[in-house]
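K.L.:
Attaching a single structure in structure tokens format; questions to follow.
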Amino acid sequence: QVHLVESGGGLVHVGVSLRLSCLASGSIHEINTMAWYRQSPGKEREMVASITNRGRINYAPSMKGRCTISRGDVESTVILRMNSLKPEDTAVYYCHVVSGFIVEAIHYYWGQGTQVTVSS
């Protein structure tokens, strides 16, 4: 089985930085894309940042310039560093992994989420 485990969330004050980490474990191969999504009450889940196996990166407009996504020392790890946190960044952050490079063989995985709460 494949498991995605996020860590690094918590209660922080506005303006601080936070580092979220996701480790994919189990029988997972050919990781295509790793990404971070977030969802707050009353809002739809949105992509925060994503990075492909070849290093192509995309950021949500609201986070552009305030976060950095990167692959960890091992391929199964993805890191999200957020800076200048705002109350509107409060959400449950989810790790998402896409594996496979052939359309018919693509699989999607989600972590359980880690709560980030930014207080003013």
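K.L.:
Is there a residue in region 49-70 that is in contact with a helix residue (DSSP H, G or I) (Cβ under 9 Å, 6 or more places away or on another chain), open to solvent by 70 Å² or more (accessible area, probe 1.4 Å), over 16 Å from T117 (Cα atoms) and outside any strand (DSSP E or B)?
P.N.:
No - not one qualifying residue is present in region 49-70.
K.L.:
Looking at A24 and the list (1) open to solvent by 30 Å² or more (accessible area, probe 1.4 Å); (2) closer than 20 Å to G113 by Cβ, which single condition is not satisfied?
P.N.:
(1)
K.L.:
Taking region 79-97 as the search range and keeping residues that are assigned to a helix (DSSP H, G or I) and free of Cβ contacts under 8 Å to residues at least 60 places away in the same chain, which one is surrounded by the fewest Cβ atoms within 10 Å (Cβ to Cβ)? Before the answer, list the steps.
P.N.:
Initial filter on region 79-97 (assigned to a helix (DSSP H, G or I)): 87-89.
If we keep only those that are free of Cβ contacts under 8 Å to residues at least 60 places away in the same chain too, we end up with 88-89.
Details: E88: 10, D89: 22.
Looking at the filtered set, the residue picked out is E88.
K.L.:
Any residue at all in region 17-34 that's within 27 Å of I102 (Cβ to Cβ) and acidic (D, E)?
P.N.:
Of all residues in region 17-34, those within 27 Å of I102 (Cβ to Cβ) come to 22-34.
Keeping just the survivors that are acidic (D, E) gives 30.
Looking for residues that are within 27 Å of I102 (Cβ to Cβ) and acidic (D, E), one finds at least one in region 17-34, hence yes.
K.L.:
Consider only pairs whose beta carbons are under 8 Å apart and that are at least six residues apart or on different chains; among these, list those whose first residue lies in region 50-65 and is hydroxyl-bearing (S, T, Y) and whose second residue is open to solvent by 80 Å² or more (accessible area, probe 1.4 Å).
P.N.:
S62/E88
K.L.:
For region 100-120, which positions are in a strand (DSSP E or B), closer than 20 Å to E46 by Cα and of a type outside the set (V, I, T)? Please lay out each step first, then the result.
P.N.:
So the first thing to find is which residues in region 100-120 are in a strand (DSSP E or B), and the list is 107-110, 114-119.
Cutting the leftovers down to closer than 20 Å to E46 by Cα gives us 107-110, 114-118.
If the condition is that a residue be in a strand (DSSP E or B), closer than 20 Å to E46 by Cα and of a type outside the set (V, I, T), then H107, Y108, Y109, W110, Q115 are the ones that fit.
K.L.:
Now, a different point. Report yes if some residue within region 1-17 is among the acidic types (D, E) and surrounded by fewer than 16 Cβ atoms within 10 Å (Cβ to Cβ); otherwise report no. If you could, list the steps in order and put the result at the bottom.
P.N.:
Of the residues in region 1-17, the ones among the acidic types (D, E) are 6.
Right, trim to surrounded by fewer than 16 Cβ atoms within 10 Å (Cβ to Cβ) and you get none.
Taking every residue of region 1-17 in turn, none turns out to be among the acidic types (D, E) and surrounded by fewer than 16 Cβ atoms within 10 Å (Cβ to Cβ).
K.L.:
Here's something else I'd like to know. Kindly indicate which of S27, S17, S62 is on the phi < 0 side of the Ramachandran plot and in contact with a Leu (Cβ under 8 Å, 6 or more places away or on another chain).
P.N.:
Answer to the selection: S17.
Yes or no, residue by residue, for (1) out of contact with any Pro (no Cβ under 6 Å at 6 or more places or on another chain); (2) part of a strand (DSSP E or B); (3) modelled with pLDDT under 95; (4) of a type in the set (D, E, K, R):
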{"position": "H3", "(1), (2), (3), (4)": "yes, yes, yes, no"}
{"position": "V12", "(1), (2), (3), (4)": "yes, yes, no, no"}
{"position": "G15", "(1), (2), (3), (4)": "yes, no, no, no"}
{"position": "R19", "(1), (2), (3), (4)": "yes, yes, no, yes"}
{"position": "I28", "(1), (2), (3), (4)": "yes, no, yes, no"}
{"position": "N32", "(1), (2), (3), (4)": "yes, yes, yes, no"}
{"position": "Y37", "(1), (2), (3), (4)": "yes, yes, no, no"}
{"position": "G42", "(1), (2), (3), (4)": "yes, no, yes, no"}
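K.L.:
Scan region 92-115 and tell me whether some residue there is at pLDDT 95 or above and more than 26 Å from G26 (Cα to Cα).
P.N.:
The answer is no, given that none of the residues of region 92-115 is at pLDDT 95 or above and more than 26 Å from G26 (Cα to Cα).
The values are calculated or read from the model by the stated rules, or taken from the named source; none is laboratory data. What you see is a predicted model; the values in this text were computed from it and never measured. All Cβ positions, even for glycine, are placed from backbone atoms using ideal geometry, and neighbour counts span all protein chains on display. Accessible surface is based on the protein model in full, side chains and every heavy atom, while ligands, DNA and RNA are left aside. Shrake-Rupley method; radii C 1.70, N 1.55, O 1.52, S 1.80 Å.
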